[in-house]
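Visitor: Below: one structure in structure tokens.
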There are 2 protein chains.
Amino acid sequence: MFLAKVYVTLKKSVLDPQGVTVQNALKSLAFQGVEDVRLGKYMEIKLNSKSAKEAEDILKNMCQKLLVNPVIEQYSYDITRIET
Amino acid sequence: MFLAKVYVTLKKSVLDPQGVTVQNALKSLAFQGVEDVRLGKYMEIKLNSKSAKEAEDILKNMCQKLLVNPVIEQYSYDITRIET
């Protein structure tokens, strides 16, 4: 069994209004020194694959087909083996 | 300047209908071996703090006051120094 952690973020060039909202909310709560906030998605996916290579291939395919919008988003991931 | 990466996930005991929906969508796209999907939030926050300790203190405070709902969510974070 493998645990894939996927981090999906908006590309640098894409505006992030949700992040701006959070930043403003932090400012209104009197937090100092918040220069930038970007929001993204975090996914934990348990995969029943034979090898790390197979898990990685499946994961990449999933990201391209469903989990990530490649027009505006980018992604990265870690895959670790876990005990069932 | 410090970059804080914050990972917010639902607690293990809390149902994640959004994750179940993604899991079903992956199944319907014929992906095999997807045992579990949990969705969370990922945030990148740039902090203008004097030290890593100060950045960490501010970040924890932010999480408790705004970014995380402690009733149903848990969080973890990494803080790294970055060039301005």
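The values are calculated or read from the model by the stated rules, or taken from the named source; none is laboratory data. Keep in mind that this is a model prediction, so the values were computed, not measured. Cβ: placed from backbone, ideal geometry, glycine included. Neighbour counts: every protein chain shown. Protein only, heavy atoms only, side chains kept; ligands, DNA and RNA dropped before computing areas. Shrake-Rupley method; radii C 1.70, N 1.55, O 1.52, S 1.80 Å.
Visitor: In segment A:22-58, what count of residues is obtained for those that are facing chain B (nearest Cβ under 7 Å) and on the phi > 0 side of the Ramachandran plot?
Guide: Qualifying residue count for the region: 1.
Visitor: From (1) outside any strand (DSSP E or B); (2) open to solvent by less than 30 Å² (accessible area, probe 1.4 Å), pick out the condition that doesn't hold for A:VAL37.
Guide: Here A:VAL37 clears every test but (1).
Visitor: Quick check on my filter: what residues within segment B:67-84 are open to solvent by less than 70 Å² (accessible area, probe 1.4 Å), modelled with pLDDT of 95 or more and either among the hydrophobic types (A, V, I, L, M, F, W, C) or under 17 Å from A:LYS27 (Cβ atoms) (or both)?
Guide: Correct list: B:LEU67, B:VAL68, B:ILE72, B:ILE79.
Visitor: Report every pair of residues separated by at least 6 positions or lying on different chains whose Cβ atoms are under 7 Å apart, first residue within segment A:10-35 and under 20 Å from B:THR84 (Cβ atoms), second at pLDDT below 95 and hydroxyl-bearing (Ser, Thr, Tyr).
Guide: A:GLY33/B:SER49
Visitor: Which numbered condition trips up B:GLY19, out of (1) of a type in the set (Gly, Ala, Ser); (2) over 21 Å from A:LYS5 (Cα atoms); (3) more than 7 Å from every other protein chain (Cβ to nearest Cβ)?
Guide: (2)
Visitor: Sticking with this one: Within segment B:59-76, count every residue that is in contact (Cβ under 8 Å) with a residue 40 or more places away in the chain and facing another protein chain (nearest Cβ under 7 Å).
Guide: 0
Per-residue answers, yes or no, for (1) modelled with pLDDT of 95 or more; (2) assigned to a loop (DSSP other than H, G, I, E, B); (3) not polar (S, T, N, Q):
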position: A:VAL8; (1), (2), (3): yes, no, yes
position: A:ASN24; (1), (2), (3): yes, no, no
position: A:GLN32; (1), (2), (3): no, yes, no
position: A:LYS50; (1), (2), (3): no, yes, yes
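Visitor: Within segment B:56-84, track down each residue that is within 17 Å of B:LEU10 (Cβ to Cβ) and of a type in the set (A, V, I, L, M, F, W, C).
Guide: B:CYS63, B:LEU67, B:VAL68, B:VAL71, B:ILE72
Visitor: Looking at (1) over 17 Å from A:ARG38 (Cα atoms); (2) open to solvent by 20 Å² or more (accessible area, probe 1.4 Å), which is the one condition that is false for B:GLU44?
Guide: Only one criterion in (1) over 17 Å from A:ARG38 (Cα atoms); (2) open to solvent by 20 Å² or more (accessible area, probe 1.4 Å) is unmet by B:GLU44, namely (1).
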